[in-house]
2 protein chains.
Amino acid sequence: MKKMNTSPISGMLELLPNEQAVFNKYKREVEEVFHRHGFLAIETPTIEREEILFAKAGGETEKQIYKVIKTEETTESADQALRFDHTVPLARYVTEHESDLSFPFRVTQTGKNYRGERAQKGRFREFYQLDIDVVGRNELAIEYDIDVILTLVEALGKMGLEKVLVRVSNRKILGGFIEEMNLQEVSNEIFSIIDHAEKVPAEKTREKLVALEIGEEKIERLLDFIEISGDKNRVEEKLRAFMFENQKFNEGVDELSRVLGLLETQLSSEKVIADMKIVRGLDYYTGTVFETILPEYDKIGSICSGGRYENLTELYSDQKFPGVGGSIGLTRLFSVLRDLQLVEPEAKKPVDFAIIPVDEEAREASFQFAEKLRKTGNSVDLVLSDKKFVDKLKYAAKVAKFGIVLGENELKSGKIMKKDFSTGEETELSVI
Amino acid sequence: MKKMNTSPISGMLELLPNEQAVFNKYKREVEEVFHRHGFLAIETPTIEREEILFAKAGGETEKQIYKVIKTEETTESADQALRFDHTVPLARYVTEHESDLSFPFRVTQTGKNYRGERAQKGRFREFYQLDIDVVGRNELAIEYDIDVILTLVEALGKMGLEKVLVRVSNRKILGGFIEEMNLQEVSNEIFSIIDHAEKVPAEKTREKLVALEIGEEKIERLLDFIEISGDKNRVEEKLRAFMFENQKFNEGVDELSRVLGLLETQLSSEKVIADMKIVRGLDYYTGTVFETILPEYDKIGSICSGGRYENLTELYSDQKFPGVGGSIGLTRLFSVLRDLQLVEPEAKKPVDFAIIPVDEEAREASFQFAEKLRKTGNSVDLVLSDKKFVDKLKYAAKVAKFGIVLGENELKSGKIMKKDFSTGEETELSVI
């Protein structure tokens with residue numbers, strides 16, 4: 001019987017070993033893709049000074065920050081809190097270490113972040129984010145936007161997610177559109193309303209726009225605008241047809257056209273689309289923005305998103321570091337895939353061999369024998385317990401793919417059998 | 001110029017990418033050894049309810065716990081804090097999930113823990129601990145103690161630490177010795193004094209014993225006792241010579257003898273020693289205890305320690321789960337090895353190839369070309385920036401082992417040269 005509540009805190013994912021093995025495999029494979037694309041891993045502390053975090057946080061995020069208090073007095077006087085994303089620590093890191101880094105700095109962070117969100121299904125308070133960023137000094141070519149997106153799509157593929165759709169836009173386009181309509185005063189509100197448009201019924205979006213008191217005509221034009229989507233040629237044609245002379249708008253169209261053009265040559269056409277509904281709400285992005293969905297499971301929403309930002313470090317440094325980045329929210333993605341029964345059912349038996357020594361002498365010999373098997377890359381469990389043989393065999397069949405019984409006969413003859421627990425078949429072990 | 005203090009919080013390790021690459025390599029290799037020894041990875045949340053943490057913490061540890069406060073109201077009412085080790089969360093995990101686990105449960109946790117220690121060199125407030133444990137239900141054979149120690153020694157070897165010395169004892173021996181001398185009332189104090197004996201001058205240890213008012217004769221006997229060390233035969237002989245009939249003492253000697261006997265057959269003799277100074281202070285261990293030092297750098301102190309505990313979950317459950325475990329404190333160990341200039345100097349260039357496309361057309365072609373190189377396992381950086389060619393070459397030479405320039409000629413002829421940045425040599429690339 002339990003003496004107290006031993007469940008993990010709600011909103012924090014805790015897995016059984018066989019699920020954890022799959023989770024770790026996904027994480028490792030994504031990290032491997034990032035590595036092969038030349039992204040350098042860094043790791044910043046989970047705890048930051050509040051002035052660093054609050055400089056960039058705002059609104060909802062600030063309310064969700066976990067503050068940290070040490071019970072004993074220390075010399076460290078600054079208030080501290082847990083980081084809520086990788087971008088703020090990256091901005092601090094680049095400011096602090098810029099003289100030791102090479103730019104463009106290709107960087108990846110794959111740690112855990114913390115937000116005290118209200119507990120609900122699919123929302124996590126502790127979650128892994130697998131981030132990549134390319135950070136330039138003063139300038140950064142637009143082609144890096146493509147590089148980041150291609151890397152993330154490849155990483156999703158490694159997790160078995162081949163059927164993805166990357167929805168791309170550029171914030172300058174909606175920004176310019178808003179300028180053309182003289183709606184700059186409610187720009188933030190419009191970005192936020194459009195960002196939520198797919199999560200609420202259509203009439204709700206219209207209501208929210210009506211509440212801005214911008215007039216029926218502009219509402220119609222906005223609602224028409226966000227319906228624009230399709231491949232590069234189709235979308236570029238529609239956007240050019242506005243014939244705006246607005247510089248921001250046209251820059252946005254040029255950039256989007258460049259990004260889409262290259263993406264369409266690198267990815268199969270059903271994997272990428274331009275979509276004016278993609279705006280990334282109140283985020284700090286200033287150019288390219290993207291979200292990635294699983295078209296077969298579009299209710300999940302975006303599983304991987306990111307974009308281009310004008311200046312990573314503006315709050316921390318006088319220098320300018322433009323960047324582009326993206327992130328896979330692994331904890332939420334894993335949890336969703338598990339609910340859909342889409343996580344690989346393998347790894348239920350993470351151990352290759354379980355060796356059961358039958359007596360004292362065999363027990364001693366089993367240590368060396370296990371090492372031999374391990375040297376060829378196998379994972380090997382030594383069943384050393386004092387339990388009855390039948391219980392040891394039961395245990396072995398639960399954790400391992402193959403079982404090996406070691407006794408006097410086996411040690412003398414050197415003839416050692418392995419039992420495949422999935423088929424019951426016994427074959428002689430040839431490796432040793 | 002910096003606009004605010006962007007250094008990491010003191011006591012938290014933050015590495016540059018080339019150091020981080022070595023750190024991550026060490027961690028991965030240790031995890032790989034644990035995996036091959038059949039230990040299953042789990043991960044518990046970093047944040048736990050305080051009642052879980054405080055149930056087991058005590059004294060100094062409790063004062064060092066980081067409390068966590070969410071700024072916004074939630075339904076979660078319990079006080080929360082950051083975990084200070086992996087053992088408490090493991091106890092909670094085993095209690096919570098015991099019906100889904102197979103026992104003996106071989107488990108590994110390799111995450112970060114938090115203690116608000118006073119800042120000083122070699123002390124970290126955020127630190128990785130690479131733990132393994134074997135947890136039995138009701139019982140657990142003594143041979144698992146050996147299994148855990150051998151696994152940890154192999155893991156240290158993978159980090160290049162071949163010259164290690166494992167110092168082993170058994171808490172029952174000192175416990176029985178204390179009983180024989182009728183010193184049970186100051187048992188905790190004696191364990192703590194002996195645990196610190198090597199960190200303070202000899203007269204300080206004597207002073208502390210004198211302060212216990214146990215009489216000169218018992219002090220001498222204790223001081224003699226802790227000098228006992230050596231191989232199995234020598235130590236067993238000395239301990240048996242006491243001729244105690246104390247059950248605890250003799251059980252301890254039997255267990256130590258069994259553990260040492262097997263360790264001596266599996267490890268070279270200079271790697272293992274019995275040593276009565278090893279007692280692990282106020283820890284929860286009840287049987288085997290061990291610490292590991294680097295004899296060439298013994299001032300570092302123990303780099304890997306652990307032991308056997310009677311009942312992992314006693315504070316959380318009515319069931320009994322005896323276990324044995326050990327831990328490598330990777331953050332401190334890495335920092336110490338770095339100061340001694342013992343970390344591998346490799347990985348200064350974590351990227352294999354940097355591709356520099358010279359014009360627009362080559363830039364587009366470079367994406368596919370990079371993918372080809374990556375398919376054969378290389379890490380490839382695409383230098384897409386708009387900078388001058390010479391700056392791009394400089395960047396490439398900093399991050400990558402080889403550089404490839406892609407232009408019209410190369411694309412037409414298919415003859416592509418790679419330049420080895422360390423020698424300056426250019427050779428034709430044959431892979432593609």
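The values are calculated or read from the model by the stated rules, or taken from the named source; none is laboratory data. Predicted model, so just to flag it, every value in this text is computed and none were measured. Every residue, glycine among them, receives a Cβ derived from its backbone with ideal geometry; neighbour counts consider all protein chains shown.
When B:GLY116, B:GLY160 are checked against the criterion of being farther than 23 Å from B:GLU314 by Cα, at the interface with chain A (Cβ under 7 Å from one of its Cβ atoms) and in a loop (DSSP other than H, G, I, E, B), a single residue qualifies: B:GLY116.
Among the residues of region B:282-308, those identified as out of contact with any Ser or Thr (no Cβ under 9 Å at 6 or more places or on another chain) and not in a loop (DSSP other than H, G, I, E, B) are B:PRO295, B:GLU296, B:TYR297, B:ASP298, B:LYS299, B:ILE300.
When region B:297-328 is limited to residues that are farther than 16 Å from B:ASP131 by Cβ and basic (Lys, Arg), the one that is farthest from the other protein chains (Cβ to nearest Cβ) turns out to be B:LYS299.
Within region A:1-25, the residues that satisfy the criterion of being among the hydrophobic types (A, V, I, L, M, F, W, C) and either closer than 21 Å to A:MET159 by Cβ or not in a loop (DSSP other than H, G, I, E, B) (or both) are A:MET12, A:LEU13, A:LEU15, A:LEU16, A:ALA21, A:VAL22, A:PHE23.
Note on region B:409-432: residues that are surrounded by 12 or more Cβ atoms within 10 Å (Cβ to Cβ) and either in contact with a His (Cβ under 9 Å, 6 or more places away or on another chain) or closer than 18 Å to B:ALA370 by Cβ (or both) amount to 8.
Screening the candidates A:ARG308, A:ARG258, A:ARG280 for the property of being in the same structural domain as A:VAL153 (by TED's automatic domain parsing), at positive phi and among the basic types (Lys, Arg) yields one hit, A:ARG280.
Remark: pairs (first residue in region A:313-325, under 13 Å from A:THR286 (Cα atoms) and in contact (Cβ under 8 Å) with a residue 60 or more places away in the chain; second residue basic (Lys, Arg) and not in a loop (DSSP other than H, G, I, E, B); Cβ separation under 7 Å; 6+ apart in sequence or on different chains) = A:VAL324/A:ARG308. Restricting attention to region B:344-374, the residues being out of contact with any Phe, Trp or Tyr (no Cβ under 7 Å at 6 or more places or on another chain) and either in a helix (DSSP H, G or I) or modelled with pLDDT under 85 (or both) number 21.
Within region B:167-215, the set of residues being more than 31 Å from the chain's Cα centre (by Cα) and in contact (Cβ under 8 Å) with a residue 40 or more places away in the chain comprises B:PHE177, B:GLU179, B:GLU180, B:MET181. Every condition in (1) buried (at least 22 other Cβ atoms within 10 Å of the Cβ); (2) farther than 19 Å from B:GLU296 by Cα is met by B:ALA155 except one, and the failing one is (2). Screening B:GLU251 with (1) surrounded by 19 or more Cβ atoms within 10 Å (Cβ to Cβ); (2) under 22 Å from B:GLU291 (Cα atoms) gives one miss only, at (1). A single member of B:THR292, B:THR286 is touching a strand residue (DSSP E or B) at 6+ places or on another chain (Cβ under 6 Å), over 21 Å from B:THR61 (Cβ atoms) and hydroxyl-bearing (Ser, Thr, Tyr), and it is B:THR292. Looking at B:VAL405, B:VAL351, just one residue is away from chain A (no Cβ under 12 Å), closer than 30 Å to A:SER99 by Cβ, touching a residue at least 40 places away in the same chain (Cβ under 8 Å) and buried (at least 18 other Cβ atoms within 10 Å of the Cβ), and that residue is B:VAL405. Would you say A:THR292 is of a type in the set (Val, Ile, Thr), surrounded by 23 or more Cβ atoms within 10 Å (Cβ to Cβ) and at pLDDT below 95? The answer is no for A:THR292. Annotation: B:ALA396 fulfils all but one of (1) in contact with a helix residue (DSSP H, G or I) (Cβ under 9 Å, 6 or more places away or on another chain); (2) among the hydrophobic types (A, V, I, L, M, F, W, C); (3) within 14 Å of another protein chain (Cβ to nearest Cβ); (4) in a helix (DSSP H, G or I); the unmet one is (1). The requirement of being buried (at least 18 other Cβ atoms within 10 Å of the Cβ) and within 20 Å of the chain's Cα centre (by Cα) is fulfilled somewhere in region B:68-82, by at least one residue.
Is at least one residue of region A:314-323 part of a strand (DSSP E or B) and over 24 Å from B:ARG106 (Cα atoms)? Looking through region A:314-323, at least one residue is part of a strand (DSSP E or B) and over 24 Å from B:ARG106 (Cα atoms).
Condition check for B:VAL279 on (1) loosely packed, with under 13 Cβ neighbours inside 10 Å; (2) in a loop (DSSP other than H, G, I, E, B): one failure, at (1). Among all positions in region A:189-203, there is at least one residue which is surrounded by fewer than 18 Cβ atoms within 10 Å (Cβ to Cβ) and β-branched (Val, Ile, Thr).
Taking the criterion of being surrounded by 20 or more Cβ atoms within 10 Å (Cβ to Cβ) and part of a loop (DSSP other than H, G, I, E, B), the residues of region A:375-393 that qualify are A:SER379, A:VAL383, A:LEU384, A:SER385.
Just one of the listed residues (A:GLY38, A:GLY11) is more than 7 Å from every other protein chain (Cβ to nearest Cβ), crowded, with 19+ Cβ neighbours inside 10 Å and on the phi > 0 side of the Ramachandran plot, and it is A:GLY11. Among the residues of region A:88-113, the one identified as buried (at least 22 other Cβ atoms within 10 Å of the Cβ), in a helix (DSSP H, G or I) and among the polar types (S, T, N, Q) is A:THR95. Examine region B:169-190 for a residue that is part of a strand (DSSP E or B) and of a type outside the set (A, V, I, L, M), and state whether such a residue exists. Among the residues of region B:169-190, at least one is part of a strand (DSSP E or B) and of a type outside the set (A, V, I, L, M), which makes the answer yes. Take the conditions (1) without any contact (Cβ under 8 Å) to a residue 40 or more places away in the chain; (2) more than 8 Å from chain A (Cβ to nearest Cβ); (3) surrounded by 16 or more Cβ atoms within 10 Å (Cβ to Cβ); (4) part of a helix (DSSP H, G or I); B:ARG28 misses just one of them, which is (3). Sort out which residues of region A:258-272 are within 14 Å of chain B (Cβ to nearest Cβ), assigned to a helix (DSSP H, G or I) and touching a residue at least 24 places away in the same chain (Cβ under 8 Å), and write them in order of number. A:ARG258, A:VAL259, A:LEU260, A:GLY261, A:LEU262, A:LEU263, A:GLU264, A:GLN266, listed by residue number.
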